[in-house]
Structures are given as structure tokens and as C-alpha cells.
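The structure under discussion appears below in the form of C-alpha cells.
The values are calculated or read from the model by the stated rules, or taken from the named source; none is laboratory data. Remember, it's a predicted structure, so these values are computed and weren't measured experimentally. Here the Cβ positions follow ideal geometry from the backbone for every residue, glycine too, while neighbour counts run over all protein chains shown.
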Ligand SMILES: [Mg+2]
């Protein structure tokens, strides 16, 4: 049986397409191997109580009838209230100067988020842009509980490490298969926002809050938290209030 011209042409085109596909697959595979071998890390940082001491700002923020802070106000007032947490800034500079990629992921709402980006750019002397290396991932409320949404952002960014101070930061990292590291919350912030910190070490001991201040010291001493996370061992105790 002889093949028609059309059949031969189709066969040649098919071979060419298969060959091109093979080249593309090899290129993608080589590229992914190259990325892995580079050892470049993607490192995420929380903002409040991790990069910035912001307790006085939140204490001053306008609030609605239900006590919720006004994030459009918060994101425009870091310049007036927020203080850099030096040990975290050192970490950021360490990762950047060694060729790793730094991201900021906060549970703040993104209203006027560009102003926070401008503040971080100025203070950290790096380019920070919303939805490039600064992401807003507010909690969502389900059946009366606040749940983090940060893990979705972590997955999108394919993060390797995440530094944060709250329980929800650690939970988000675990859900996204990102290595979690707890930054020690400053004593003033701990007093104001004890909730969501090793359960809540300020509450009476109960099933929901089984750890007290003495237990917190044990966790700090061992540099491990209730979710098995590492605790960054350098504390920061001297905000100018
Ligand atoms: Mg925080």
C-alpha cells in the first residue's frame, strides 16, 4: 500500500513536533535541576512582632464597634510608630547578601499596602513591592475560629523557610510544608497580644491554654515550640517606647 503525500506530510510534522517537545522537556528538566543545585532559598518573614515592633501603633489605631483595627490607617502609620527588630533585620541582610530571596507575608489587610511597601523599602534599603515580595494574607473566620490563609501564599511562592511570632504563622508554615521558625515576641507585645502565642501563656491553665509563663521559659531554653518548630534563639528586649 502506498502512502499519500498528505499522510507523509502529517507523519513528518508529527515527528518534528515530538522532537521539539523532547527538547522542551529536556530544557525544563535541566532548568529545574539547575535551580535545585543553586541552593538558593526562598525565605519568608512575618511583619508585626517579627520584622517590626508595632504594639504602640496597634494600641493607637482607630477601631470599629467590634474592636477591629483599621488597616487602612495601620498601613500608613508605620513611619510614626514602628521600630525595626534588629536581630530580624540582621537575618534579612544575611539571606539577601548570600543570594537568597526574601519575601514578606503578613496577615494585615492590604488597604494602603503600598505605604507599608514604601516604609519597608526605606528602612531595609531594598525594593519592596506589593504582590512581588510583600503579600497580604488576612485570616479568615470559619465557625467562630480565625484561620490563617498564609499557607496558600507560601505554596504559591514555593517558600523554604518562614519566620513568624504567632501560632498561626507556625501552623501556616506546617500546612505548606515550609520549615517554621518562631521569632520570640517582645514582652510588651506578649502582654498586649498573648492570644495566639503557645496557645496563650497569659491565660489560666486549661485544655485550650495548657502552657503558662514558666512553660514558655522552658520552650525558649530548648529552642523548640509546641508545634515542633525551631525558636530563633536571639531575643530583642529594648524597644524605645
Ligand atoms: Mg506577627
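The criterion of being away from the ligand (no atom under 16 Å from the Cβ) and either out of contact with any helix residue (DSSP H, G or I) (no Cβ under 9 Å at 6 or more places or on another chain) or on the phi > 0 side of the Ramachandran plot (or both) does not hold for residue 233. Counting only residues that are farther than 19 Å from residue 231 by Cα and either more than 16 Å from the ligand (Cβ to nearest atom) or within 12 Å of the chain's Cα centre (by Cα) (or both), the stretch 139-183 holds 17 of them. Within the stretch 158-174, the set of residues being closer than 16 Å to residue 107 by Cα and part of a helix (DSSP H, G or I) comprises 167, 168, 169, 170, 171, 172, 173. Look at the stretch 153-165: where a residue is at positive phi and a partner is more than 16 Å from the ligand (Cβ to nearest atom) and modelled with pLDDT of 95 or more, sitting 6+ places away or on another chain with Cβ atoms under 8 Å, you get 158/42. For residue 5, the criteria (1) modelled with pLDDT of 90 or more; (2) more than 16 Å from the ligand (Cβ to nearest atom) hold in every case but one, which is (1).
Restricting attention to the stretch 41-55, does a residue exist that is more than 18 Å from residue 164 (Cα to Cα) and either touching a residue at least 24 places away in the same chain (Cβ under 8 Å) or under 16 Å from the mean Cα position of the chain (by Cα) (or both)?
no
Consider residue 238 carefully, then state whether it is free of Cβ contacts under 8 Å to residues at least 12 places away in the same chain, outside the structural domain of residue 80 (by TED's automatic domain parsing), under 28 Å from residue 57 (Cα atoms) and surrounded by fewer than 20 Cβ atoms within 10 Å (Cβ to Cβ). The answer is yes for residue 238. In the stretch 196-204 there is at least one residue that is modelled with pLDDT under 95 and under 21 Å from residue 109 (Cβ atoms).
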